[in-house]
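Right, one structure below, let's go through it.
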Amino acid sequence: MEVIYLLILLLVGAGLTYFSVDKAASRVALLISTVAFGYSLYLVSLHYGGQLPENIHFDWISKPSIGFDLRLDGLALLMLVLTTTLLPLIVASGIETKFANAKSLYALVLLMAFAMCGTFVASNGLLYYIFWEVALIPIYFIALIWGSGDAEERKKQVVKFFIYTFAGSLFMLVGFVYLYGKAGSLLLTDLYKLELSYDEQLLVFGGFFLAYAIKIPLIPFHTWQANVYQKAPAMGTMLLSGIMLKMGLYSVIRWQIPISPDASKELMPYLVWIGIAGVIYGSIVALRQRDVKKLLAYSSLAHVGLIAAGFYGLTADGITSGIIQMFGHGLVVVGVFFAVEVIERRYQTRAISELGGIRAQAVKFASAFLIVTLASVALPGTVNFVGEFGLLFSLSTQNVWFSVIGGLTIVLGAYYMLKMYQQVMLGEANKKPFADLSVTESLIFGALAAVIFFFGIYPQPINDLIAPAVNEIIAQISTN
Amino acid sequence: MNTLIAITALGVICLIFELLNLRKILVPFSIVALCGILYLNSLDYNQTASYYNNMIVVDNFSVTFTALFIVLTTFLVALGHHFYDDVPEKLSDFVAIKIFLLSGAAAMVSFGNLAMFFLGIEVLSISLYILAASRRLNIKSNESGMKYFLMGSFASGIILFGICLIYGAIGSFDMRVIMEAAVSADVEEWFYIGGILLAIGLLFKIAAVPFHFWAPDVYEGAPALTTATMSTLAKVTAMATFFKLFFAMSGNLPETSQTVLVVLSGLSMTVGNIMALRQANVKRMLAFSGISHAGFMLMTLIGTQISAGTLLYYGTAYAFAGIGAFSVILYVCRHLENEDIVNFQGLGKSNPFLAFVLTTSLLSMAGIPIFAGFFAKLMLFSQVLESGHLALVIVAVVNSIIAVGYYFKLILAMYTKEPQHERTGRPFYIYAVATVALLLNLTIGLFPSLVTDLLR
């Protein structure tokens, strides 16, 4: 029951924000998202106390027989915590910017958070699909209306993004309809029990793959990503890269692999190579970018490629580290995109060539940016190190070449991220004045850094939280 | 039966209102009366009966579809309150015609005899011909009425010919006899030829490919409210009738009939959608989108386990979204010459509520969840996939993606451009219809069982 209150809180919060006034909207949204964060920590404590019922069921639709089913195990809880941790930070990142029609913007942000939380906890295929699709509508409007750059060009990119992801989702829907025909139910546990032949699994796997590969995105379905990240407002980029793409990754291990284990096993090497291809491609393209935001978009492509490779490697280590890295990547990517936003607020540009020499004027910002940059390149001591190292290690147990080539992400990543940092922050003092971080901005960076380092040094709580879920996935792979 | 009589009586009363000079309360009165008829209609639920030598058969199929038609007519009558402001003296005529149209629609789903069926379809069609040409000084409206009349009477002729052939084969117009003949082994070939001719006539009314050529011109030329009537009420009525006839006559149809349906359905979706992509006029765009929805509705006939509940749900979802969209179109284009997309620019700023209603209606038509259109598509996919037509489902999915392209053209215009026209006033009936249509859409979208359980 408890998790439903969180969903209701976010949904009602979206409504409240919409009916507030433009000036107060960001504060209302911040309040609600902070309460949501606190509440999700309360859920974690209940979970550890064993007082949190894992499955929730309400009758919903009689024909086809679909229930309102939620499942809150450790994995779903971790994703929930990630969402509600990032949400207040994302909302706070916009507090100092003046948006036209701010109440609609913040209402959409909360609505999207609602849908994403729903996606993480839904355990009925149809309910999950509905949350999955509903999350798409707010981000479409956020990017379209509050985005930057030429309006016509942005329109084209955002519509392309929408059509792309919608197309992928529809194939997933066909997969679910097919599964319903086989199982007579879409409850996650019923689908796990289903014994499909290899060909049937392949069909389902393919339908799901299109949806997830576009959302994550994997090569060659990534073409929407960099442009939308670049055009969307900072808040939209953070939502997309910090949380929304995790929906795709999460779904791979919750829905795709356990439902079609034989197909996953058969296709394992190809899928890992697709993930690693993303690593290489993203890193190389990032090297040549002149726009900071675009560079970070491609770097994000490389990082999620590695996570996907770890998941599709089908080892317990890979899945555990992938989940930790999802968590770490969510934090870091919000941090780096926020740093870009800080620069853009002051200089109104993101072109690397026009930047430089900021460090001399803003020491606090320089160190904050350095922390998130280093975390992004998986410096030991950060949670990203735990994640990426584990991923590479797990891949090496499958095939040593996976990790040799996938390991380039760290080498190349360090190169382009530090080069970017050097060009943007170092050098002779910039002539244009650069105000150092405000209190809100410092708080956001401080919170991110604290979480990144805490779990970097002590990742055990995450491990414990997700261990049952990982075991379940592995059992599902090995029994069939 | 009582429903049909009450509807006809209401139509006559509307005409008398004009004589008594009660024009001002005509629309509110009709709305209340239609709600009363809706209640009267609901009393017949779960009570099968036949009247007048099986001319009229009242069963759950007819009751639920009639209920849908009554709700749609209520919306259309309400929207008429502001639409005929420039010709107030004709208001009662137009309201009465819409109510007569409803009586035709009710007859088309509750007939027990082909004679009654033909009467129903003619009452419906003639009302539409008049409504299409109702802007008598507007050349486009005249063209639309004329075109619709010529093409429509041709289709009526084909239907009549089909009925004659069926009569020639089995010697009866009665549906019970037809159902028996359909399952019996030896029946004259004319029976099937007659059936095919009936199907052609109805496919014309539904505007499915390849009988769709009239739709865009007629939709564009007709007054917007008439277009709303044609694309919601008339289309769903014709489809429900087609379903009823198909269900009765499909006793032992060869496998090829399914193939024909699959092809027609796939073609309708594809042709309608691809043509819709290129349109600049909203009514024309919705005409083509309606053609593609006709293709989706034809999917309800495919498979061994065809279910009227799915069609009822799809029809309801489509019609509510259509009503929502048209109420906004009526508001935006009230004083304008045409319904081009440019007129919708900036609606998101100048009137956020109606822009929201139009957005939700379009999202529902595109089949995006929490709106009714999503479940409608889901049920279709599930039914068709069960019967093994994976290819058709893929075509339908691809079409759903294409459809997003043109629905979003309108959404983009509303939210990314600056307003060109100043719009003032908040016409009560338009707002009320838009709100109610939106709420109904959401309600059946979140609780689809409310509708599908009516027809098990």
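Every read-out reported here was derived from the displayed coordinates using simple, explicitly stated rules and does not represent laboratory data. No experiment lies behind these values; they were computed from the predicted model shown. Note that each Cβ is placed from the backbone with ideal geometry, even for glycine, and that neighbours are counted across all protein chains shown.
A few points about this structure:
- Cβ crowding within 10 Å, taken as a proxy for footprinting-reagent exposure, orders B:H82, A:H222 from fewest neighbours to most as B:H82, A:H222.
- For chain B, the alpha carbon convex hull comes to 124 Å³ per residue, rounded to a whole number.
- Highest-first packing order for the peptide set B:224-231, B:318-325 is B:318-325, B:224-231, based on the mean count of other beta carbon atoms within 10 Å.
- Inverse of mean 1/r across different Cα pairs in chain A, Kirkwood, Å: 22.3 Å
- Cα-Cα pairs of the stretch A:357-480 separated by more than 21 Å (percent): 56 percent
- Inter-chain Cβ neighbour average for residues A:163-176, partner chain, 10 Å: 4
- Projected label distance in nm at B:V177 and A:D190, using a 7 Å step from Cα toward the beta-carbon: 4.7 nm
- With the helix formula -39500 (n - 2.57) applied to DSSP H stretches of n ≥ 4, the protein assembly as shown reaches a computed 222 nm mean residue ellipticity of -24500 deg cm²/dmol.
- Rg/Rh, computed from the Cα trace of the stretch A:194-349 with Rh as the Kirkwood radius, has the value 1.02.
- Summed residue charge, Cβ within 12 Å of A:L314's Cβ, Lys/Arg positive, Asp/Glu negative: -2
- Relative protection proxy for A:205-211, A:21-27, from highest mean packing down: A:205-211, A:21-27 (other beta-carbon atoms within 10 angstrom).
- Across all directions, the shadow cast by the convex hull of the stretch B:1-251 built on its C-alpha atoms averages 13.0 square nanometres.
- Distance between the 7 Å Cα→Cβ label points at B:T435 and A:S148: 4.1 nm.
- The label-point distance for A:A467 and B:L442, in a model that sets each label 7 Å from Cα toward Cβ, rounds to 4.5 nm.
- Residues A:C117, B:C35, arranged from fewest to most other Cβ atoms within 10 angstrom of their Cβ, appear as B:C35, A:C117.
- Kirkwood Rh in Å, taken over all unlike Cα pairs in the stretch B:112-232: 15.3 Å
- Dividing the mean sequence gap of close Cα pairs (under 8 Å, 6+ apart) by how many residues the stretch B:52-152 holds gives a relative contact order of 27 percent.
- Whether the stretch A:288-354 is rounded, prolate or oblate, judged on the alpha carbon gyration tensor where a/c under 1.5 counts as rounded: oblate
- For chain B, the membrane-span-like helices by this rule, meaning whole DSSP H stretches whose C-alpha atoms cover at least 30 Å of axis and whose Kyte-Doolittle mean is 0.5 or above, are B:60-83, B:139-170, B:255-277, B:308-332, B:390-416; this says nothing about an actual membrane.
- Remark: B:I291, A:I139 ranked as A:I139, B:I291, counting other beta-carbon atoms within 10 Å and listing the fewest first.
- Evaluated at q = 0.11, 0.12, 0.13 Å⁻¹: base-10 log I(q)/I(0), Debye formula over Cα of the stretch B:282-422: -0.43, -0.50, -0.57
- Each principal axis of the Cα cloud of the stretch A:381-436 was evaluated for its coordinate range; sorted largest first, these ranges are 53, 20, 11 Å.
- Cα-based radius of gyration of the stretch B:221-360 once divided by 2.2 N^0.38 Å, which approximates compact folds: 1.19
- Calculated FRET value between A:Q460 and B:N21, using beta carbons and R₀ = 56 Å, to 0.05: 0.10
- Ratio of the Cα radius of gyration of the protein assembly as shown to 2.2 N^0.38 Å, where N counts its residues: 1.01
- Coordinate range along principal axes, alpha carbons of the stretch B:101-149, Å, largest first: 40, 16, 10
- Evaluated at q = 0.12, 0.20 Å⁻¹, a Debye calculation over the C-alpha positions of the stretch B:234-308 (equal weights, vacuum) places log10 I(q)/I(0) at -0.37, -0.85.
- Temperature 10 °C, viscosity 1.306 mPa s: under these conditions the Stokes-Einstein estimate for the stretch A:266-480, based on its Kirkwood radius over C-alpha pairs, is 89 µm² per second.
- Annotation: average projected area of the stretch B:354-456 is 8.2 square nanometres, based on the convex hull of Cα atoms across all directions.
- Over the stretch B:347-412: Kirkwood hydrodynamic radius from C-alpha pairwise inverse distances, Å: 12.9 Å
- The stretch A:121-215: Cα Rg divided by the 2.2 N^0.38 Å rule of thumb: 1.30
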